[in-house]
Amino acid sequence: MTRKSPFLVPQPPLPFRVHSFRYHDGSLHCEGVALERVAEKYGTPLYVYSAGTILDHYRRLDSALGEIDHLICYAVKANSNRAILRLLADEGAGFDIVSGGELFRVLAAGGDPQKCTFAGVGKSQEEIEYALEQRVLSFNVESEAELAYIDRVARGKDVRAPIALRVNPDVDAGTHRYVSTGRSENKFGIALERVSEIYERAAAMPNIAIHGVQMHIGSQITDATPFVEAIRKVTPLIQHLKERYALEFFSVGGGVGIVYESSMASGSGDWWSEKDRVRATTNLPLTIHDYVAAISPPLRAIGLRVLLEPGRLLVGNAGVLLTRVRYIKQTEHKKFVIVDAGMNDLIRPALYQSYHEIVPVREPSGPARACVDVVGPVCESGDFFAQDRDLPEMNEGDLVALMSAGAYGFVMASNYNSRPLPAEALVRGETFSLIRERQTMEDLVRGECE
């Protein structure tokens, strides 16, 4: 008999489906597939993604926006696997890109370049030329110097470059300082008080075509208030610009956060701790419905087409990193669970001090728990996924899942310690497939010259 589990979602109090991972017959499943099967076939470490979760979140956002004229431009940097991009391209999504390589990936996945916005503070000549050749929707211009450079590159190709200045509204998004982008001390965007003047200069440039206004205030934001504040701060500017230029769109960027601490709904399993229960009812996400409900009134008042650039919101809770316990190490002061994934596979805990839920793939049969550090094999003290975490008992050979690893996981992976990159798999209903092969030892030295 299957016991009720924290992964039986959706259910109250969560107002929308966080993900499609749940226990069934004592084993953690992604949609209709047991994760043990995927790990047995492809090995570990292994990223596994739920196509159903990605499509569910995209469709919910698209539907919530309703009659507002809009385009959802998925932030490719969150997860750039071609299979993920294909899923979204087939849904009609646009794409937010930050490099020529990301544009290449979008095109390889069948995406429409005329639905691509090109962001980033340091675009190269080659990238600008490539984007112009592919006729992207717009360049998000981050500085006056970049505007002049794009004008020169476009002149050399005898074309006009479509642009939107990125406004920095100086709004505190209340997020980690590494992913805050909307404050005056950040490297991104142009100060609100200087934007009008720079638009005047842009209008005088023969190879620049003004198409819109853009902003982005940060990432992993769990309160709608900063979004609304930023929109309201730039609204007078946009109304001023509309009187002078044929603006087509206003891009509000992305940044909506997801659940990392307790991506599970509440449950009654014996192994489910009181701390887990508290997290399940207090760490609720900023829902798609609430986010759209908050930003819609000021956006309707602006009266332009709305572009959104979600990344983590669509894919973050759609992925897990599967890893296997290699050793249990007990010292005088600590108990270490040493797994085969390392910080090179998922750097977020080391880089951002971020929290990822860690759960056994086989559902625990009892309440036994231990306070442990979950660490990897990389030769760094920063190579950890959890420290002093109260977790169900784990043994050598156990398969565990690091939850909410669909965004900024594989895309930030490296070959540090000469470790091959992990494989990636995609689940669709009751089927699964490999969408990236595991690197081999030979791959580590391919391209090197003596």
Does the stretch 147-156 contain any residue that is outside any helix (DSSP H, G or I), assigned by TED's automatic domain parsing to the domain that holds VAL228 and farther than 24 Å from LEU55 by Cβ? no
Among the numbered criteria (1) under 20 Å from GLU36 (Cα atoms); (2) in a loop (DSSP other than H, G, I, E, B); (3) of a type outside the set (Gly, Ala, Ser); (4) in contact with a Lys or Arg (Cβ under 6 Å, 6 or more places away or on another chain), which single criterion is violated by ASN344? (1)
In the stretch 61-83, which residues are of a type in the set (D, E, K, R) and modelled with pLDDT of 95 or more? ASP62, ASP69, LYS77, ARG82
Consider GLU393 against the criteria (1) within 15 Å of GLY43 (Cβ to Cβ); (2) over 26 Å from the mean Cα position of the chain (by Cα): it satisfies all of them except one. Which criterion is unmet? (1)
On the basis of being in a loop (DSSP other than H, G, I, E, B), at pLDDT 90 or above, out of contact with any Phe, Trp or Tyr (no Cβ under 8 Å at 6 or more places or on another chain) and within 26 Å of PRO297 (Cβ to Cβ), does ALA246 make the cut? yes
Filter the stretch 414-450 down to the residues that are among the charged types (D, E, K, R), exposed (fewer than 14 other Cβ atoms within 10 Å of the Cβ) and over 23 Å from the mean Cα position of the chain (by Cα) and list them by number. GLU430, GLU442, ASP443, ARG446, GLU448, GLU450
Suppose we keep only residues that are touching an Asp or Glu at 6+ places or on another chain (Cβ under 6 Å) and of a type in the set (Lys, Arg) within the stretch 324-333. Which one would you say is nearest to GLY409 (Cα to Cα)? ARG324
Can you tell me which residue in the stretch 116-161 is farthest from ASN207 (Cα to Cα), limited to those that are surrounded by fewer than 20 Cβ atoms within 10 Å (Cβ to Cβ) and of a type in the set (Lys, Arg)? ARG135
When you check VAL167 against the structure, is it within 30 Å of GLN353 (Cα to Cα), at pLDDT below 95, of a type outside the set (S, T, N, Q) and part of a strand (DSSP E or B), yes or no? yes
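The values are calculated or read from the model by the stated rules, or taken from the named source; none is laboratory data. Note that the structure is predicted; figures quoted are calculated from it, not measured. Glycine gets a Cβ as well: all are built from the backbone with ideal geometry, and neighbour counts include every protein chain shown.
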